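Single-structure report; data block below.
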Amino acid sequence: MDDPGSGLLANRNVLPLSLPALLLLMLTAIGAPRAQDAGTPGTVTSPPVVHTPAPDARADSLPFRVGERLEYHIRLGRFGSNGKGSMTVSGPVDVRGTATWLLRFDFSARVGPIKAQDETESWLDPERMTALRFHKRERHPFANGTQDVELFPVEQRWEGADGARGESPTDAPLDELSFIYFIRTLPLEIDSTYTFDRHFEAGRNPVTVRVVGTEVIETKAGTFNTIAVEMRVHDQKHYGTDAGVIRFNFTNDRRRVPVRIESRVPLVGSAVLLLTADTPDE
């Protein structure tokens, strides 16, 4: 039985991050293990390979559907049961003439008197597996803020409501939330590494996805055979040239449901999201 409090990352070097940034999987996570530490069971040793979805990929072939709802229990280190979250897919929603699926992650958590709430939304074109819009709202003691971004894939650029703008390195950009759904479409072959330049902010690339092994994970939603995956991304805003890592356990089946998500939170230790309920689609 999996121990959500201990976690496989508990003894690795970590860098500080904000609580909601972790729980929303905003690609800011624990500090990556150094190269000399890469000798633990399941560590990927094969050279990176670049995976690009087939140009004729269609929405009906994706492992998730409109109507999918995943619910999670959030455990924050030694403090025990502290919150809940959900990931949902709805739509279609029109964005500048394109029918998109609205991906949404919501969570609320508490550690003693400290409360945190977040909402993250991504409007995904399921035919091209690219994001067209990204919203984030966060309220917690570490940071409060709003991010509204319009992505223009063909023009390889993005614009924020606050006046920020930049060029994207790809015509199929993704944001922090849609990247998780994109990972679900990958082959996830054992002992493989996939490298991408698909985050819409150029400075957060490359994103590396390592398949580190298989595990049996027990949650309130059931017992699952899973594929363990580590996602690493650069985030100069938080770490300079360092990368953050987040660990996923995806079901070893066609749907690739994330049943367990783990990283580190300053002061409270390991943060774990465990699946409590799964509604596949409408």
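Values quoted throughout were computed directly from the atomic coordinates according to the rules given, and no laboratory measurement underlies them. Note that the coordinates shown come from a computational prediction; the quantities given were computed from them, not determined experimentally. All Cβ positions, even for glycine, are placed from backbone atoms using ideal geometry, and neighbour counts span all protein chains on display.
Would you mind computing Rg(Cα) / (2.2 N^0.38 Å) for segment 109-191, counting N as its residues?
On the way: Rg = 15.5 Å, N = 83, 2.2 N^0.38 = 11.8 Å.
Its radius of gyration relative to the 2.2 N^0.38 Å reference: 1.31.
Once phi is turned into θ = phi - 60°, what whole-Hz ³J(HN,Hα) does the Karplus curve with 6.51, -1.76 and 1.60 give for every residue of segment 156-161, x standing for Gly and Pro?
Along segment 156-161, the couplings run 6, 8, 9, 9, x, 5 Hz.
Quick check: pseudo-label points 7 Å beyond the Cα along Cα→Cβ at residue 96 and residue 150, how many nm apart are they?
Taking the two extended label points, one gets 0.7 nm.
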